[in-house]
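Colleague: This structure is in structure tokens; I'll ask about it shortly.
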Amino acid sequence: MDGLTEDQAPATPVELFALWFTQALAAADAGLLYEPNAMVVSTVDAEGRPGSRTVLLKGYDERGFVFFTNYDSRKARDLAANPNISLLFPWHPMARQVIVTGVAERVAREETVAYFRTRPHGSQLGAWASAQSSVIATREELDRAYADLEARYPEGEQVPAPAHWGGFRVAPRSVEFWQGRANRLHDRLRYVVRTEQDGAAAASGWTVERLSP
Ligand SMILES: Cc1cc2nc3c(=O)[nH]c(=O)nc-3n(C[C@H](O)[C@H](O)[C@H](O)COP(=O)(O)O)c2cc1C
């Protein structure tokens, strides 16, 4: 199994994430990995109780990692009380795992609207039909809500983005890249954000540290 060494670590975690993500997409194309952009998102509520669920990564750059969800969902309510968040990419068939910790913030409304327009018609209606994370009496209730929306917005008709739906961007504080190795002597390189104050100007960079497996 190939390892991960410090000399393979670029200056920023987004560069290494881009490389690993490209390789995860290739592994998915080869049938080795399913849903390469699936990540486990963990949040805590106002009482400090944790919750985890799978969500799809829809974009990333040096500003952070973006996913879309319902702003009334449990995860969104958790984030309103406590914006600290963790994202975990379980790329098991590649003996890899990436763990991001950071702070989540809603994306700009225009970004949500632009992304919503790219979604299939059925998914757009689904975002309206589902009051995500709320208790519902029956499956029929959901199907009825969907059918009513379908009648109102038939295929080909523009569906507006619901106000209760949108993106979060996770600005990373740390990003750990885990590469499985023989004898459980795995490689773990963690990028930790570093902010340096130079007079009035603050410059940020990344420190790379190796963790014992
Ligand atoms: C593979 C997979 C991908 C998913 N992607 C999303 C997603 O992008 N956004 C989302 O809100 N829920 C997604 N879900 C559903 C969530 O796991 C979860 O059930 C939902 O967001 C409600 O979570 P909450 O009640 O903790 O807020 C996905 C589930 C799976 C299994």
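The values are calculated or read from the model by the stated rules, or taken from the named source; none is laboratory data. Computed from a predicted model, the values in this text were never measured in an experiment. All Cβ positions, glycine included, derive from the backbone under ideal geometry; neighbour counts span all protein chains shown.
Colleague: Out of R144, R188, I need the residue that is under 30 Å from V14 (Cα atoms), at pLDDT 95 or above and of a type outside the set (S, T, N, Q). Which one? Before you say what the answer is, go through the steps one by one.
Modeller: Values: R144 fails: under 30 Å from V14 (Cα atoms).
Criteria check complete, one pass: R188.
Colleague: One residue is enough: does segment 76-97 have a residue meeting the conditions β-branched (V, I, T) and closer than 23 Å to L33 by Cβ?
Modeller: Within segment 76-97, the first condition is being β-branched (V, I, T), and the residues that meet it are 85.
Those left that are additionally closer than 23 Å to L33 by Cβ: none.
No, the conditions are met nowhere in segment 76-97.
Colleague: Can I ask one more? Restricting attention to segment 31-58, and to residues there that are in contact (Cβ under 8 Å) with a residue 40 or more places away in the chain, assigned to a strand (DSSP E or B) and in contact with a helix residue (DSSP H, G or I) (Cβ under 8 Å, 6 or more places away or on another chain), which single residue is surrounded by the most Cβ atoms within 10 Å (Cβ to Cβ)?
Modeller: The initial filter retains those residues of segment 31-58 that are in contact (Cβ under 8 Å) with a residue 40 or more places away in the chain, namely 32-33, 36, 38-44, 58.
If we keep only those that are assigned to a strand (DSSP E or B) too, we end up with 38-44.
Still in the list and also in contact with a helix residue (DSSP H, G or I) (Cβ under 8 Å, 6 or more places away or on another chain): 41, 43-44.
Numbers: V41: 26, T43: 22, V44: 16.
This residue is V41.
Colleague: How many residues does segment 105-139 contain that are touching a strand residue (DSSP E or B) at 6+ places or on another chain (Cβ under 9 Å), among the aliphatic types (A, V, I, L, M) and without any contact (Cβ under 8 Å) to a residue 24 or more places away in the chain?
Modeller: Residues flagged as touching a strand residue (DSSP E or B) at 6+ places or on another chain (Cβ under 9 Å), among the aliphatic types (A, V, I, L, M) and without any contact (Cβ under 8 Å) to a residue 24 or more places away in the chain within segment 105-139 amount to 1.
Colleague: Any idea which of L142, L87 is without any contact (Cβ under 8 Å) to a residue 24 or more places away in the chain and within 14 Å of the ligand (Cβ to nearest atom)?
Modeller: Details: L87 fails: without any contact (Cβ under 8 Å) to a residue 24 or more places away in the chain.
Going through L142, L87 in turn, the sole match is L142.
Colleague: Yes or no: D45 over 23 Å from G126 (Cβ atoms) and within 13 Å of the ligand (Cβ to nearest atom)? Step through it out loud before you land on a result.
Modeller: Working: over 23 Å from G126 (Cβ atoms): yes; within 13 Å of the ligand (Cβ to nearest atom): yes.
Judged against the criteria, D45 is a match.
Colleague: Moving on. What residue, among those in segment 11-30 that are among the β-branched types (V, I, T) and surrounded by 15 or more Cβ atoms within 10 Å (Cβ to Cβ), is farthest from the ligand (Cβ to nearest atom)? Reasoning before the result, please.
Modeller: Our first condition is that a residue be among the β-branched types (V, I, T); within segment 11-30, this holds for 12, 14, 22.
From what's left, surrounded by 15 or more Cβ atoms within 10 Å (Cβ to Cβ): 12, 14.
On the way: T12: 25, V14: 20 Å.
Per the stated criteria, the residue is T12.
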